[in-house]
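A short worksheet on the structure shown next.
Just so it is clear, none of the values below were taken in a lab; they were calculated from the coordinates. Keep in mind that this is a model prediction, so the values were computed, not measured. FYI the Cβ positions are ideal-geometry reconstructions off the backbone, even for glycines, and counts take in every protein chain you see.
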Amino acid sequence: MKAFDYDTLNHLRMSNEVIKKLTTIYQLRGETSSYAIDYHEELEKLVAVAKIQSTDASNRIEGIYTSDSRLKKIMTDKVHPHDRSEQEIAGYRDVLALIHENSQYMPINTNTVLAMHKMLFKYTGDNWGGKFKDINNQIIAQYADGHQEIRITPPEAFITPELIEQLCQRYNLAFEKADISPLLLSAAFVFDFVSIHPFRDGNGRMSRLLMLLTLYRSGFEVGKYISLEKIIEDSKGSYYEALAASSQGWKENQNDYLPFIDYYLGIIVSAYRELIDRIGIFHNRRPLSAEQMIIKTLQQQLKPLARAELVELIPRYSETTIQRCLRKLKREGTIKAVGSGRYVKYVIKN
């Protein structure tokens, strides 16, 4: 019988890197603790951007997507979803909003998990939304080069309800005891949830929503302003590698949580640093022009960005202004286009 050792996390041996990341997260949380008061207006803009990015990224990881224009309309509830993908996107939007607005009323228990899953699939018409799986399944890792691998065969369907109940109980007991950092407990909880794979579909998305919820309830709200899901999507290969490394010996209660915890904490560090960078862009001593902000953003992101991504990352300026400045910077040879048509992205020209 699978058990959850949340007193020691299977006698977890903390690495120097994990200790460093924990220390950094607590420091960054302290550094940003006054933002809600000092930068209220700016944070509201970041919340709106993060909601879109989180909904888009978490679904794209599972191969679910729609056009940018449709996505924005779905996020503002201006259109009805017209296909299966948009129905699932709308469901994620609703669960995400619920967590943002009511996390303090959402205990970590079976009822919350089932209610979230039911809401996730409420537009699809599936009769298994909000119900644990009734057939056995497998956890498939999908890699960037297109190949798939079976990561683990989860426990059988009949034992799933009991495992989720035990998982929540063990998490809550350890959280109340506070002998282990809530960040480590959050990571272990999310990892074990994915490993149980309790539903027919939506397990990955549910794990990312539970990541946000457990972090909220632990006092780490960076996921409200910066999309954790997008950071995970951008590092999807490392995500699957960490899952695979921590899966070895899971059914025998001998798995090492450290690889996944290390990855998980890295996501949170990245989110806090991005939050600080974004607030810094808002409040540069001498306000940057749209062209300067485009260059600064491309330098910080270290990857090609589409026009829509730049518009989201630079909410101070309109889409028309961003588009005009991109043309100018390209003409001057400061940036170059990668790709063409609707898939064109921009990068600093060496």
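The H on the amide N of TYR257, modeled in the peptide plane, is under 5 Å from the matching H of no residue at least 5 residues off or on a different chain. Phi angles of segment 186-201 translate, via the Karplus equation with coefficients 6.51, -1.76, 1.60 and θ = phi - 60°, into HN-Hα couplings of 4, 4, 5, 4, 5, 4, 5, 4, 4, 5, 5, 6, x, 10, 4, 8 Hz per residue; Gly and Pro are given as x. If you wrap segment 16-282 in the convex hull of its Cα atoms and look at it from every side, the mean projected area works out to 14.5 nm². When you filter the trypsin sites (Lys or Arg not before Pro) in segment 13-77 for DSSP loop state and at most 14 other Cβ atoms inside 10 Å of their Cβ, you are left with ARG13. For segment 5-10, 3J(HN,Hα) computed residue by residue from phi via the Karplus equation (6.51, -1.76, 1.60; θ = phi - 60°) reads 8, 8, 7, 10, 6, 6 Hz, glycine and proline entered as x. Shape of segment 290-348 from the C-alpha gyration tensor: rounded (a/c under 1.5, with a ≥ b ≥ c the square roots of its eigenvalues).
Short-range pairs are left out: with C-alpha atoms under 8 Å and at least six residues apart, the relative contact order of segment 224-302 is 28 percent. Annotation: amide H of ILE152 within the under-5 Å range of ILE139, sequence separation 5 or more or interchain, hydrogens built in the peptide plane. Averaging Cα coordinates gives a centre for segment 1-20 and one for segment 257-329; these two points are 34 Å apart.
Full extension of the chain between GLN138 and THR24 yields a length gain of 37.5 nm, computed as 0.36 nm times the residue separation minus the alpha carbon distance.
Given springs between every Cα pair under 10 Å in a Gaussian network model of the chain, which of SER181, SER103, SER246 has the largest fluctuation? Of SER181, SER103, SER246, the Gaussian network model singles out SER181 as fluctuating most. Working note: Debye formula, equal point scatterers on the alpha-carbon atoms of segment 228-350, no solvent; log10 I(q)/I(0) at q = 0.10, 0.13 Å⁻¹ is -0.43, -0.64. The overall shape of segment 130-230 is oblate: from the C-alpha gyration tensor, with semi-axes ordered a ≥ b ≥ c, the ratio a/c is 1.5 or greater and a/b is no larger than b/c. Close amide-amide hydrogen proximity is noted between TYR346 and LEU305, ALA306, VAL338, each under 5 Å apart and 5 or more residues distant or on a separate chain (H modeled in the peptide plane; Pro and chain starts excluded). Summing +1 for each Lys or Arg and -1 for each Asp or Glu, what net charge is found among the other residues whose Cβ lies under 11 Å from the Cβ of ARG205? Local charge sum for ARG205: -2. Between HIS197, HIS100, HIS11, the Gaussian network model of the chain with springs among Cα atoms under 10 angstrom shows the greatest mean-square fluctuation at HIS11. In a simple Cβ point-charge model (Lys, Arg +1; Asp, Glu -1; nothing else charged), the chain has a dipole of about 1580 debye relative to its Cα centre. Springs between alpha-carbon atoms under 10 Å, Gaussian network over the chain: tell me which of PRO304, PRO154, PRO182 tops the mean-square fluctuations. In this elastic network of the chain, the residue with the biggest mean-square fluctuation among PRO304, PRO154, PRO182 is PRO304.
Over 22 Å between Cα atoms: which of LYS2/LYS224; LYS73/LYS122; LYS45/LYS73 fall into that group? LYS2/LYS224, as the Cα separations exceed 22 Å there.
Between SER289 and ARG84, the modelled labels are 5.0 nm apart [label points 7 Å from Cα along Cα→Cβ]. Separation of segment 38-99 and segment 139-179, taken as the distance between their Cα centroids, equals 25 angstrom.
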